[in-house]
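Since the structure comes first, as structure tokens, the remarks are kept for the end.
The values are calculated or read from the model by the stated rules, or taken from the named source; none is laboratory data. Computed from a predicted structure; not experimentally measured. Don't worry about glycine lacking a Cβ; one is built from the backbone with ideal geometry, like all the others, and counts go over all protein chains shown.
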Protein chains: 2
Amino acid sequence: MKRIAESTVRRLSIYLSFLEDIEARGALTTSSDDLARLGGTTSAQVRKDLSFFGSFGKRGLGYSVPELSSRLREILGLSHQWRVCIVGAGKIGAALARYAGFAERGFLVTGVYDSDPTKIGKNSAGLTVKNIAHLDRDVAAGKYEIAVLAVPAENAQQIVDALAKAGLKAILSFAPTQLNAPADVTVRTVNMAM
Amino acid sequence: MKRIAESTVRRLSIYLSFLEDIEARGALTTSSDDLARLGGTTSAQVRKDLSFFGSFGKRGLGYSVPELSSRLREILGLSHQWRVCIVGAGKIGAALARYAGFAERGFLVTGVYDSDPTKIGKNSAGLTVKNIAHLDRDVAAGKYEIAVLAVPAENAQQIVDALAKAGLKAILSFAPTQLNAPADVTVRTVNMAM
DNA sequence: TCTAACTTGTGAAGAAATTCACAAGCTCCG
DNA sequence: CGGAGCTTGTGAATTTCTTCACAAGTTAGA
């Protein structure tokens, strides 16, 4: 299967949010032109993006809104419930644990870890903060599919190494530093500075 | 002047954050190769990115860390203090008003507006929430250079229109909808869904 | 001064993403 | 059934972005 450009995936997620909007308004079909107008792109772009994954429309008619949004959710991995842990119970970590948008999108935060003894055992957004020493054991046990890193830049690489070793395949990092990981582990860094 | 790609600007901001790191460690010079390694790109890319704005390095030597970071800050508009207002005192608006990272980067939040009478006059992160009815008057008076929109999607376009009419030139929106504005007004939409 | 070792800045080549343009499929209506 | 009016899906053309490759500038050391 061919590699899909990141920009394509980003746009698909935008299309999905418009589809949800359109669906809520009760429309049953839509066209690449509609989606393009809403998303600030061109209809050819929309069709090209979708064509990477198959053909979901009917010529002359457009796309079925419920069908296309369900296909997009599938493509984007949002039809699955992902088990997520947050590493780092500082300000960013706590804000993420509280963020409701995660759960809405199928990302279920079921664990928060920290190394600070004064934080371990305390409550953070309804979850008990666990000792980071148990993290790799829990990961190895298959407790999580995704880890979100909200730790200082200087500790991030070491945690990535441990997670990769324990068998985790997906990491989202908020640490402002370049992270290295084996090729079969996907690491994505979010730049808070914008 | 030639148009600069958004991807270039995004990388410049990454380089700057590494430079700040390097500066804090006390190093005086760095090379395109260093920056590339840290940023997960190539040295040719780094040099190409910088070359759009001039030549800041010395052949054989590399770049002066303080000079390059100050030039980047200038290019990215971070050497200026921007006066920012937040429109919408809901959850996102309040979180943004509280967010310290803004001030660090030269974005000074000096006003928060909302249309809800139960919120007007209340305190939000040290600022009194003002009546949105006064927003265009304040904008026209030159009180703000940038507006951050944290309002429901259905109200966003109307506010953009009012701000544009009042003479504002830069808007950052968190509303999940495509916004239209005159060509001389820059609107940037942040996709919370990731 | 001369050579070795670096590193920048930049045309040119190569790769990737976007846009164009059109054949082909679908629906409606007379 | 046939034509008009839409809209998709997709090769080909075009534009944009990235990487290559190397001349030229700089420093250090002999």
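Residue B:79 is checked against (1) within 9 Å of DNA strand C (Cβ to nearest atom); (2) within 26 Å of residue B:172 (Cα to Cα); (3) among the polar types (S, T, N, Q) and fails just one. What number does that condition carry?
(1)
Would you please name the residue that is farthest from the other protein chains (Cβ to nearest Cβ), looking only at residues in region B:145-181 that are part of a strand (DSSP E or B) and among the small types (Gly, Ala, Ser)?
Result: B:147.
Can you tell me which residues in region A:46-65 are closer than 17 Å to residue A:7 by Cα and either more than 11 Å from DNA strand C (Cβ to nearest atom) or within 14 Å of chain B (Cβ to nearest Cβ) (or both)?
A:46, A:50, A:53
Give region A:121-155 a look and list any residue that's buried (at least 17 other Cβ atoms within 10 Å of the Cβ) and β-branched (Val, Ile, Thr), or say none.
Correct list: A:129, A:132, A:139, A:146, A:148, A:151.
Kindly evaluate residue B:35 against the criterion of being within 19 Å of the chain's Cα centre (by Cα) and surrounded by 16 or more Cβ atoms within 10 Å (Cβ to Cβ).
In short, no.
Quick one: which of A:128, A:177, A:118 is within 16 Å of residue A:85 (Cβ to Cβ) and among the polar types (S, T, N, Q)?
A:128
Per-residue answers, yes or no, for (1) part of a helix (DSSP H, G or I); (2) within 10 Å of DNA strand D (Cβ to nearest atom); (3) in contact with a Ser or Thr (Cβ under 9 Å, 6 or more places away or on another chain):
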{"position": "B:7", "(1), (2), (3)": "yes, yes, no"}
{"position": "B:10", "(1), (2), (3)": "yes, yes, no"}
{"position": "B:16", "(1), (2), (3)": "yes, no, yes"}
{"position": "B:19", "(1), (2), (3)": "yes, no, yes"}
{"position": "B:27", "(1), (2), (3)": "no, no, no"}
{"position": "B:35", "(1), (2), (3)": "yes, no, yes"}
{"position": "B:41", "(1), (2), (3)": "no, yes, no"}
{"position": "B:47", "(1), (2), (3)": "yes, yes, yes"}
{"position": "B:53", "(1), (2), (3)": "no, no, no"}
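Which condition breaks for residue A:107 when tested against (1) touching a helix residue (DSSP H, G or I) at 6+ places or on another chain (Cβ under 9 Å); (2) within 15 Å of DNA strand D (Cβ to nearest atom)?
Residue A:107 satisfies all of (1) touching a helix residue (DSSP H, G or I) at 6+ places or on another chain (Cβ under 9 Å); (2) within 15 Å of DNA strand D (Cβ to nearest atom) except (2).
Within region B:65-113, track down each residue that is of a type in the set (A, V, I, L, M), in a strand (DSSP E or B) and surrounded by fewer than 19 Cβ atoms within 10 Å (Cβ to Cβ).
B:108
Of the residues B:22, B:14, which is crowded, with 18+ Cβ neighbours inside 10 Å, more than 15 Å from DNA strand C (Cβ to nearest atom) and at pLDDT below 95?
Going through B:22, B:14 in turn, just one is crowded, with 18+ Cβ neighbours inside 10 Å, more than 15 Å from DNA strand C (Cβ to nearest atom) and at pLDDT below 95: B:14.
Pairs please, first residue from region A:132-157 and touching a residue at least 40 places away in the same chain (Cβ under 8 Å), second anywhere and among the polar types (S, T, N, Q) and assigned to a helix (DSSP H, G or I), Cβ atoms under 9 Å, 6+ apart in sequence or on different chains.
A:149/A:155
Within the bounds of region A:113-127, is there any residue that is more than 13 Å from every other protein chain (Cβ to nearest Cβ) and under 26 Å from residue A:76 (Cα atoms)?
No, because not a single residue in region A:113-127 is more than 13 Å from every other protein chain (Cβ to nearest Cβ) and under 26 Å from residue A:76 (Cα atoms).
Regarding residue B:62, is this residue within 16 Å of DNA strand D (Cβ to nearest atom) and either surrounded by 16 or more Cβ atoms within 10 Å (Cβ to Cβ) or acidic (Asp, Glu) (or both)?
So residue B:62 passes the test.
Report every pair of residues separated by at least 6 positions or lying on different chains whose Cβ atoms are under 9 Å apart, first residue within region B:1-22 and within 11 Å of chain A (Cβ to nearest Cβ), second of a type in the set (Ser, Thr, Tyr) and within 10 Å of DNA strand D (Cβ to nearest atom).
Once the first residue is within 11 Å of chain A (Cβ to nearest Cβ) and sits in region B:1-22, its partners that are of a type in the set (Ser, Thr, Tyr) and within 10 Å of DNA strand D (Cβ to nearest atom) give B:11/B:41; B:14/B:41.
Take the residues in region A:182-194 that are closer than 17 Å to residue A:85 by Cβ and in a loop (DSSP other than H, G, I, E, B), then tell me which one is farthest from the other protein chains (Cβ to nearest Cβ).
A:185
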